[in-house]
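One structure is given below, encoded as structure tokens.
The values are calculated or read from the model by the stated rules, or taken from the named source; none is laboratory data. Since this is a predicted model, take the numbers as computed values, not measurements. Cβ sites come from the backbone with ideal geometry, for glycine too, and all protein chains shown count toward neighbours. Keep in mind that these areas ignore ligands, DNA and RNA; they rest on the heavy atoms of the full protein, side chains included. Shrake-Rupley method; radii C 1.70, N 1.55, O 1.52, S 1.80 Å.
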Amino acid sequence: YPVEAACMSVLLDNLSMMELNSFLALIPILCGWLMLKSQQTALRVAFALLWFFFLPNTLYILTDLQYLPEQWNAMSTLGKLGLAVQYSTYELIGVSSFLLALYPLEKLLVRSRWRENKVALAVVLITVNFFIGFGMVLGRVQRLNSWDIFIDAPKVIAASFQIVSSSELLLLVMLF
């Protein structure tokens with residue numbers, strides 16, 4: 001019974017982290033859709049900024065796999081099954097939300113004059129992915145959240161300078 005209680009405790013503890021991060025990964029999907037549907041330029045810009053700042057939350061979910069090996073070793077056979085289902089679902093949410101959140105950008109690029117300029121499209125996609133990686137490093141290494149840009153911008157700026165001045169962190173950005 002103590003092993004099952006410990007397994008249940010791990011699964012329940014994971015839920016709060018996974019629920020919050022899954023919710024944050026849904027924000028860029030909603031903002032991207034609203035960005036496409038908005039008729040007013042100011043609203044489009046506001047939703048585009050929110051989309052941009054919350055987009056790293058989609059793939060950030062993948063970084064939580066770091067917790068799996070330690071949790072796996074602490075689980076019973078039945079607990080391992082629950083953990084596998086939990087993490088598989090969670091990682092699927094991360095990858096799916098990333099793809100769905102990129103859809104509005106794809107729509108905007110297809111509608112734009114840039115669709116014929118393959119180099120410009122590549123630069124846009126590389127730049128967006130660089131900033132996703134940058135946001136992931138801000139979250140995973142600097143322990144900042146997407147909303148910190150609105151409530152503590154100086155802290156985000158300072159952390160950003162730390163990233164760009166560190167070759168190790170810039171390499172991590174590129175890897176992400």
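Probe radius 1.4 Å, ligands and nucleic acids ignored: give me the carbon and sulfur share of the accessible area of the chain as a rounded percent.
70
Specify, per residue and in Å³, the volume enclosed by the convex hull of the alpha carbon atoms belonging to the range 66-135.
Convex hull volume per residue, Cα atoms: 96 Å³.
How big is the equivalent ellipsoid of the range 104-160 along its three axes, where each semi-axis is √(5λ) from the Cα gyration tensor, reported in whole Å from largest to smallest?
For the range 104-160, the semi-axes come out at 30, 12, 9 Å.
Solvent-accessible area per residue for the chain at a 1.4 Å probe radius, Å²?
Computed with neighbouring chains in place, this is 60 Å² per residue.
What whole number of Å gives the distance from the Cα centroid of the range 34-79 to the Cα centroid of the range 112-176?
14
Within the range 116-143, list the residues whose amide N lies under 11 Å from a label point set 7 Å along Cα→Cβ of GLN66.
137-143
For a label point 7 angstrom out from the Cα of THR89 toward its Cβ, which stretches of the range 54-82 have the backbone nitrogen within less than 12 Å?
82
List the equivalent ellipsoid semi-axes of the range 23-176 in whole Å, largest first, each obtained as the square root of 5λ for an eigenvalue λ of the Cα gyration tensor.
After diagonalising the Cα gyration tensor, the semi-axes are 30, 20, 16 Å.
Springs between alpha-carbon atoms under 10 Å, Gaussian network over the chain: tell me which of ILE126, ILE163, ILE27 tops the mean-square fluctuations.
ILE126
Return the single residue from GLU116, GLU106, GLU19 with maximal mean-square fluctuation; model: Gaussian network over the chain, springs between Cα atoms under 10 Å.
Looking only at GLU116, GLU106, GLU19, the biggest GNM fluctuation is shown by GLU116.
Please get the size of the charge dipole for the range 48-176, origin at its Cα centre, with Cβ charges of +1 on Lys and Arg and -1 on Asp and Glu, quoted in debye to the nearest 20.
Here the size comes out at about 400 debye.
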